[in-house]
Each structure stands twice: as structure tokens, then as C-alpha cells.
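Readers should treat all values here as calculations from the given coordinates under stated rules, not as data from a laboratory. None of these values were measured; they are calculated from a predicted model. Virtual Cβ from ideal backbone geometry, glycine too; neighbours counted across all protein chains shown.
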Amino acid sequence: MSTLDLPSGDFEISDLFSDDQIITITGETTLYDNVSKPAHYNLTDGIECIDYIKQVLGLQGFVAYCRGNVMKYNHRATYKNATPVEDLKKAQQYLEWANETLKEIHK
């Protein structure tokens, strides 16, 4: 997790983040990013899509799903002109999720 340098004095959360990184639901502000917590995957009842997928696929299935996404994002980063860095970050995120889940399996 990265740290955030806050400005001194009064400031609004919107001064620190872009609109696509902030969603306010029932008075609570939640921070999103396009790699590890995309806002468009968090729209219903606060359940993240990735958690739902993990629950439905089970631990072994989820590891396979993550490994497939690592391959996908590594492959498409070489063909995507606008945001190859973001695709590589997504590949890294899926690798982290796979490793975390493998630790759960092999504890």
C-alpha cells in the first residue's frame, strides 16, 4: 500500500483524487484505482467482483483464473499503445492475488 502526502490546512478529498477514483455510497467515501479496485467492478452492495469470482470458483479455480489474467495482461500490454504500463500493473495485481490464494491453500 502506498502512502499519501496530505496538504496542510483544509482540503477536499476531490483535491487529492480524480472523479473516477472516488465513489460515495451512503455517506462513505471509498477510493478506487483502475488496477486493484476498479470502481466499475464495485457497484452493488459493496461486494467486489473479484471476491465474488473467488467465492464461486473456489481457491484452485481462482488461482487458475488469476494466472490466465496474468498471461492476458502481459500479452496485450505489448499491443496497447495508450496504457501498457497499466496492463502490466494489472498482471502484477493478478499475480499477487494468485500468490495470496496459494498461501491460503498451502498454510
Which net charge results for the neighbourhood of residue 79, defined as the other residues with beta-carbon distances under 13 angstrom from its beta-carbon, given Lys and Arg at +1 and Asp and Glu at -1? +2
Sequence neighbours fewer than 8 away in the same chain don't count; with that in mind, list the lysines whose C-alpha is under 18 Å from residue 90. 37, 54, 72, 80
What's log10 of I(q)/I(0) for region 49-105 at q = 0.13, 0.21, 0.23, 0.30 Å⁻¹, Debye sum over Cα points only, no solvent? -0.33, -0.73, -0.82, -1.11
Take 100, 86 and order them by how many other Cβ atoms sit within 10 Å, fewest up front. 100, 86
For the ranges 87-95, 70-78, what's the packing order if you count other beta-carbon atoms within 10 Å of each residue, average per peptide, and put the highest first? 87-95, 70-78
Evaluate the distance, in nm, between pseudo-label points positioned 7 Å from the Cα of residue 49 and of residue 92 along their respective Cα→Cβ axes. 2.2 nm
